[in-house]
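Okay, so here's the structure we're looking at.
The values are calculated or read from the model by the stated rules, or taken from the named source; none is laboratory data. All figures in this text were calculated on a predicted structure; none of them were measured in a lab. Glycine gets a Cβ as well: all are built from the backbone with ideal geometry, and neighbour counts include every protein chain shown. Remember, those area values only see protein heavy atoms, side chains included, never the ligands or the DNA or RNA. Shrake-Rupley method; radii C 1.70, N 1.55, O 1.52, S 1.80 Å.
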Amino acid sequence: VQLQASGGGLVQAGGSLRLSCAASGSIATINAMAWHRQAPGKQRELVVRIDNDGTTNYADSVKGRFTISRDYAKGTADLQMNSLKPEDTAVYYCYAERGRKTYWGQGTQVTVSS
């Protein structure tokens with residue numbers, strides 16, 4: 001499985017961005033996709049995960065502001081980010097699980113200015 005992330009950029013606080021993750025390869029056997037992020041000097045953290053049954057798990061810090069959507073046939077997982085805050089500034093990484101294997105996409109930078 002290969003993951004390609006896109007959609008990062010610079011936005012003012014209160015603005016919105018949409019990140020896209022496109023998987024290729026054995027997408028039919030992906031059992032979960034997620035977005036993680038890593039801010040400078042901090043550990044990588046889970047933003048949101050979506051399982052094949054549609055169950056989602058959002059970080060408390062993004063609940064009510066971020067929404068993940070997944071197209072199972074296309075192997076995509078998009079992240080709509082609204083009401084962005086400066087503390088959302090980070091490199092965002094797409095992630096997928098297939099059995100016991102995990103896959104990471106390249107990061108995409110999100111910068112929120114105050």
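Miscellaneous remarks
- Residues of the chain: accessible area per residue with a 1.4 Å probe, Å²: 52
- With Rh defined as the Kirkwood radius, the inverse of the mean 1/r over Cα pairs, the Rg/Rh of the stretch 1-66 is 0.98.
- Protein heavy-atom surface of the chain, 1.4 angstrom probe: 47% of the accessible area is carbon and sulfur, with nucleic acids and ligands not counted.
- Gaussian network model of the chain, springs between alpha carbon atoms under 10 Å - residue of Ser20, Ser61, Ser69 with greatest fluctuation: Ser61
- Theoretical FRET efficiency, 1/(1+(r/R0)^6), r = Cβ-Cβ of Ser83 and Thr29, R0 25 Å, to 0.05: 0.10
- Peptide ranges 4-14, 86-96 listed from the most packed, as the mean C-beta count within 10 angstrom indicates: 86-96, 4-14
- Computed lengthening from Trp104 to Ser16, 0.36 nm per intervening residue step minus Cα-Cα distance: 29.3 nm
- With N as its number of residues, the stretch 40-114 has a Cα radius of gyration that, divided by 2.2 N^0.38 Å, comes to 1.14.
- Each label was represented as a point 7 Å from its Cα along the Cα-to-Cβ direction; for Ala39 and Ser69 these points are 2.8 nm apart.
- Extension gain, Ser114-Thr56: 0.36 nm per intervening residue step, less the Cα-Cα distance, totals 18.0 nm.
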